[in-house]
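Remarks on the structure that follows.
The values are calculated or read from the model by the stated rules, or taken from the named source; none is laboratory data. What you are looking at is a predicted structure, and each value in this text was computed from that prediction instead of being measured. No Cβ is skipped: glycine too gets one built from the backbone with ideal geometry, and neighbour counts run over all protein chains shown. Each accessible area value is taken on the protein alone, full model and side chains, heavy atoms only, with ligands, DNA and RNA left out. Shrake-Rupley method; radii C 1.70, N 1.55, O 1.52, S 1.80 Å.
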Amino acid sequence: MPSSSHSHSFRLTPTDYSALVERATAGPELYWKRESERLSWNTAPTHAQCEKQSWFAGGMLNASVNCLDRHLETRGDQKALVWQAEDAGRVLTFTYKTLYEHVCRMANVLRDQGIQAGDRVAIHLPSVPEGLIAMLACARIGAIHVVLFGGFSPEAIADRLADSGAALVITANVGRRGAKRIPFKATLDAALDLRPETLAVNAVLVVGVTDDEVGMKPGRDRWLASLLEKAAPDCAPQNMPSSAPLFLLYTSGSTGKPKGVVHGTGGYLVWASYTHELVFDHQDGDIFWCTADIGWITGHTYGVYGPLLNGGTVLLFEGMPSSPAPGRWWNVIQDHKVTTFYTSPTAIRALMREGDAVVQRYDLSSLRVLGTVGEPISQEAWSWFNDHVGGGRCAFVDTWWQTESGGIMISPVPGAVREKPASATLPLPGVHPVLLDEKGTLREGATEGVLCLKGSWPGRALSIWNDDGLFERTYLQPYPGYYFTGDGARRDEDGYYWITGRVDDVINVSGHRIGSAEIEDALATEVTIAESAAIGIPHDLKGQGIVVYVVPRDNAPDDLHIRAAKAITSKVGRYAAPERIHVVPDLPKTRSGKSVRRLLRKIACGETEGFGDLSTLADPEIVEALIRIIQTPQ
Ligand code: WTA
């Protein structure tokens, strides 16, 4: 097996690991109480797990103190954050001491703007240090950060600002993508103008990433740099209860409306630190590079909190994998001697296509652990990454988790859990997955089923913002007694898990979750469309691609395709652009009027037979009609 060729010594042996599993299973209360000691508390919690989702009750702490202040004595001059700009020659290095000062200045600016504990602050930035600094600054004063992905459309931003009730937004004049400029400020302005009566935003602070001028609204917009200059480099941290929300992060589910997943402070931080140390075999001197944007949970837990809690060094790269030329990512690994590289199967598939010669030009011998997340990885991509990037020497962690879990749940542990290419392998100590059949009956042994989790864990989200019952309804009620993940999985004879993908109506495009209903809601805003269905189909590069069926109203215009595409990109964002849009006379429906997605999926994949019993359809003929339309070149 690949792990036998590892030339490194890892923190844990298989025996240590088994001992952890045993302790976590035999006495979870004691186990997690002990794990909570990895944080520095102002008041230690009285217990670990309590009723429902709340962890470490009675505990009081501050997240930024845990990421920064407590390392100052021992690691003040150690690198905490290294930012590699798009331009090869430009690198900014922050030690724990200087990062602390930047965070304090930003926290003081936020306080001066009237932000208090519990207020929501939205962060809408490209990959610049200010993103991480702003997150920790919010945490310092007890404000709840809400990071908004840079790829969201103005509509999507407006919805999330309204739902979160954010009082202030931190954005940039522009972002850089090679020579291109991404209009961050202009996109935010458009969002703020859409439905101003629903918004609570009264201040916008702008990071000048370049010298580009942008419109500034007097009284509302300010350049951040001038405020930071005047701010003091110390800021008293707010003491927060363990259960206080640390951040909201919006994610898609099977309902149309994106959900603001609420993560707490104590439980989330314990999970971020625990999983980062275990899964990435964190050791002193590691340089940790997580390529995920901070707009996603991976960027939160492993781009910011996990490594900083553990006193590590975070590398942040502004640019893209292959800009200005193929090999740029490998160049970054070589220049910064990255030890731990965490990325997505989508990125690996794209990089594989550039050929082996590109990666061979670089010295990647600093790498010790490789990780992937976000979607199933194929055996081919796994092997390529392992052999050509890792040189066959590195531990490989295929990590399964989700926004709601706060951190990694199922993954190999370097040195302790033998890898199998393309398997997420075993649950971390203290995590208890089960496989159920559709009726909710437990399936034992080697089998397949709906992946659920038994019991709670410290990183589990507290709730959904603005809708307390929704967490229960979405995750706890579908399979009573278990947490429902939305994924399907297979378990082999060694107890290893192989994630097969979503079992709900969530489409995973390049590792981004997009709800079918979100796309259908967007299409419903186009008046010439009567109804629609969005489904996911396999895609070579993106993992899944979106295919949309639209049923026009009478007298629909000829440019319906264009209108449909525009409705999706303007409501959701360009990352949700469909591969194909089919204009069809109707959808296959049951007699009760429900679209049969199983059929739509098969038809979109080009299948022409094996549809099973169609007699339950209101109009069985429609299947033939759809097949003809799909086969006609557009
Ligand atoms: C999928 C990302 C297969 C899964 C951290 C999950 C994976 C969803 C893996 C969560 C993996 C994540 N193998 N599938 N290793 N990791 N997924 O919330 O469908 O953006 O439910 O969190 O991504 O996506 P989210």
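Table for the structure above
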quantity	calculated
Filter result for residue 397 (in a loop (DSSP other than H, G, I, E, B), within 19 Å of residue 271 (Cα to Cα) and either within 15 Å of the ligand (Cβ to nearest atom) or of a type in the set (S, T, N, Q) (or both))	no
Some residue of region 388-400 being touching a residue at least 40 places away in the same chain (Cβ under 8 Å), open to solvent by 40 Å² or more (accessible area, probe 1.4 Å) and at negative phi	yes
Count of region 334-353 residues which are open to solvent by 10 Å² or more (accessible area, probe 1.4 Å), assigned to a helix (DSSP H, G or I), in contact with a strand residue (DSSP E or B) (Cβ under 8 Å, 6 or more places away or on another chain) and free of Cβ contacts under 8 Å to residues at least 60 places away in the same chain	0
Output for region 441-467, where each listed residue is more than 19 Å from residue 409 (Cα to Cα) and under 19 Å from the mean Cα position of the chain (by Cα)	464, 465
Residue 413 vs. criteria hydrophobic (A, V, I, L, M, F, W, C), touching a helix residue (DSSP H, G or I) at 6+ places or on another chain (Cβ under 6 Å) and within 11 Å of the ligand (Cβ to nearest atom)	no
Number of the exception - residue 571 against (1) more than 27 Å from residue 293 (Cα to Cα); (2) under 27 Å from the mean Cα position of the chain (by Cα)	(1)
Contacts under 8 angstrom Cβ, first residue in region 466-490 being more than 16 Å from the ligand (Cβ to nearest atom), partner open to solvent by 60 Å² or more (accessible area, probe 1.4 Å), 6 or more apart	481/454
Residue satisfying condition, being touching an Asp or Glu at 6+ places or on another chain (Cβ under 6 Å), aliphatic (A, V, I, L, M) and within 29 Å of residue 243 (Cα to Cα), within set 461, 424, 446	461
Condition check for residue 606: at positive phi, in contact with a Phe, Trp or Tyr (Cβ under 9 Å, 6 or more places away or on another chain) and among the small types (Gly, Ala, Ser)	no
Hits in region 114-155 (condition: open to solvent by 20 Å² or more (accessible area, probe 1.4 Å) and among the small types (Gly, Ala, Ser))	114, 117, 118, 127, 150, 151
Condition check for residue 285: touching a residue at least 12 places away in the same chain (Cβ under 8 Å) and buried (at least 21 other Cβ atoms within 10 Å of the Cβ)	no
Matching residues, region 402-431, being surrounded by 21 or more Cβ atoms within 10 Å (Cβ to Cβ), among the hydrophobic types (A, V, I, L, M, F, W, C) and within 14 Å of residue 370 (Cα to Cα)	413, 424
Matching residues in region 336-390 - criterion: being under 29 Å from residue 80 (Cα atoms), touching a Lys or Arg at 6+ places or on another chain (Cβ under 6 Å) and not β-branched (Val, Ile, Thr)	366
Qualifying positions in region 354-383 - part of a helix (DSSP H, G or I) and either open to solvent by 10 Å² or more (accessible area, probe 1.4 Å) or within 13 Å of the ligand (Cβ to nearest atom) (or both)	356, 357, 358, 360, 379, 380, 381, 382, 383
Every residue from region 537-579 that is part of a loop (DSSP other than H, G, I, E, B) and touching a Gly at 6+ places or on another chain (Cβ under 7 Å)	579
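Yes/no matrix, rows are residues, columns are (1) open to solvent by 40 Å² or more (accessible area, probe 1.4 Å); (2) within 15 Å of the ligand (Cβ to nearest atom); (3) basic (Lys, Arg):
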position	(1), (2), (3)
496	no, yes, no
505	yes, yes, no
519	no, no, no
523	no, no, no
530	yes, no, no
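Residue-wise test of (1) among the acidic types (Asp, Glu); (2) open to solvent by less than 50 Å² (accessible area, probe 1.4 Å); (3) touching a Gly at 6+ places or on another chain (Cβ under 7 Å); (4) within 25 Å of residue 175 (Cα to Cα).
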site: 202; (1), (2), (3), (4): no, no, no, yes
site: 222; (1), (2), (3), (4): no, no, no, yes
site: 244; (1), (2), (3), (4): no, yes, yes, no
site: 254; (1), (2), (3), (4): no, no, yes, no
